[in-house]
Amino acid sequence: MVHQLIDIVSKNGNLLLNIGPRADGTIPDEVQQVLLEVGAWLNVNGEAIYGTRPWRIYGEGPTKVAAGSFHDTDTANYKPEDFRFTTKGDVLYAIGLASPTNGEAVIHSLVRSVGSERVRSVALLGSDAKLQFNQHADGLHVQLPTQPPAKYAYVLRLSFEH
């Protein structure tokens with residue numbers, strides 16, 4: 001559900017949660033668990049979701065998500081190259097949908113070229129770690145801590161030189 005929320009928000013969409021109680025008014029335990037997990041992720045990373053706008057592209061990466069209605073139960077096996085993007089003000093959020101096994105995230109949409117925006121700072125939401133990063137011709141390379149601050153996806157907050 002977290003990945004679905006991220007993907008939809010990056011495309012300027014809204015996620016409708018269809019949570020129906022049982023006849024006695026109780027919410028099934030498995031539904032409660034899903035809602036608690038989404039809430040826990042949003043507690044750490046909500047600034048990349050709430051009040052954001054889409055970026056010039058919704059994302060990058062090899063994994064294709066099924067389009068259209070009634071695909072909400074189709075789960076994608078995201079790869080470390082899969083990112084979704086949102087913006088708020090001058091900040092770009094790059095949401096990594098899977099952690100890289102080598103500890104290095106590479107965002108190919110942020111290449112260093114003549115006239116491109118230079119990344120000034122990179123922060124990992126939910127972490128105080130100072131991240132090392134370099135912007136190269138093949139993209140922005142970011143060294144991540146060994147332990148992600150949240151399950152499912154991590155969020156990088158990027159600011160740029162003006």
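The table that follows gives values for the structure above.
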read-out	value
Search result, residues across the stretch 111-131 that are open to solvent by 40 Å² or more (accessible area, probe 1.4 Å) and in a strand (DSSP E or B)	ARG120, SER121
Long-range neighbours under 6 Å by Cβ, at least six apart or interchain, first residue more than 13 Å from MET1 (Cα to Cα) within the stretch 18-32, second open to solvent by 60 Å² or more (accessible area, probe 1.4 Å) and assigned to a loop (DSSP other than H, G, I, E, B)	ILE27/PRO21
Yes/no for GLY103 being free of Cβ contacts under 8 Å to residues at least 60 places away in the same chain and under 18 Å from the mean Cα position of the chain (by Cα)	yes
Conditions (1) at pLDDT 95 or above; (2) touching a strand residue (DSSP E or B) at 6+ places or on another chain (Cβ under 7 Å); number of the one not met by GLY126	(2)
Restricting the stretch 108-134 to residues that are among the charged types (D, E, K, R) and in contact (Cβ under 8 Å) with a residue 40 or more places away in the chain, the residue that is nearest to GLY46 (Cα to Cα)	ARG120
Condition met for THR63 (open to solvent by less than 40 Å² (accessible area, probe 1.4 Å), modelled with pLDDT under 95, within 17 Å of the chain's Cα centre (by Cα) and over 14 Å from VAL2 (Cβ atoms))	yes
Out of LYS88, LYS79, sole residue that is over 14 Å from ALA153 (Cα atoms) and at pLDDT 90 or above	LYS88
Residues (surrounded by 13 or more Cβ atoms within 10 Å (Cβ to Cβ) and in contact with a Gly (Cβ under 9 Å, 6 or more places away or on another chain)) located in the stretch 143-162	GLN143, LEU144, PRO145, PRO148, PRO149, ALA150, ALA153, TYR154, VAL155, LEU156
Pairs where the first residue, in the stretch 135-162, is over 19 Å from GLY61 (Cα atoms) and the second is among the basic types (Lys, Arg), C-beta under 7 Å, 6+ apart	SER159/ARG120; PHE160/ARG118; PHE160/ARG120; GLU161/ARG118; GLU161/ARG120
Residue match in the stretch 31-48 (condition: of a type in the set (Asp, Glu) and not in a helix (DSSP H, G or I))	no
Sole residue being outside any loop (DSSP other than H, G, I, E, B) and of a type in the set (D, E, K, R), chosen from ASP7, ASP24	ASP7
Scan of the stretch 88-110 for residues that are part of a strand (DSSP E or B), under 14 Å from PRO62 (Cβ atoms) and among the small types (Gly, Ala, Ser), ordered by number	GLY96
Unmet requirement for PHE85, which otherwise passes all of (1) of a type in the set (Phe, Trp, Tyr); (2) assigned to a loop (DSSP other than H, G, I, E, B); (3) open to solvent by less than 30 Å² (accessible area, probe 1.4 Å)	(2)
Selection count where residues are surrounded by 10 or more Cβ atoms within 10 Å (Cβ to Cβ) and outside any helix (DSSP H, G or I), scope the stretch 10-21	7
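The values are calculated or read from the model by the stated rules, or taken from the named source; none is laboratory data. No experiment lies behind these values; they were computed from the predicted model shown. Cβ sites come from the backbone with ideal geometry, for glycine too, and all protein chains shown count toward neighbours. Heads up: the accessible areas ignore ligands, DNA and RNA and are worked out on the full protein's heavy atoms, side chains in. Shrake-Rupley method; radii C 1.70, N 1.55, O 1.52, S 1.80 Å.
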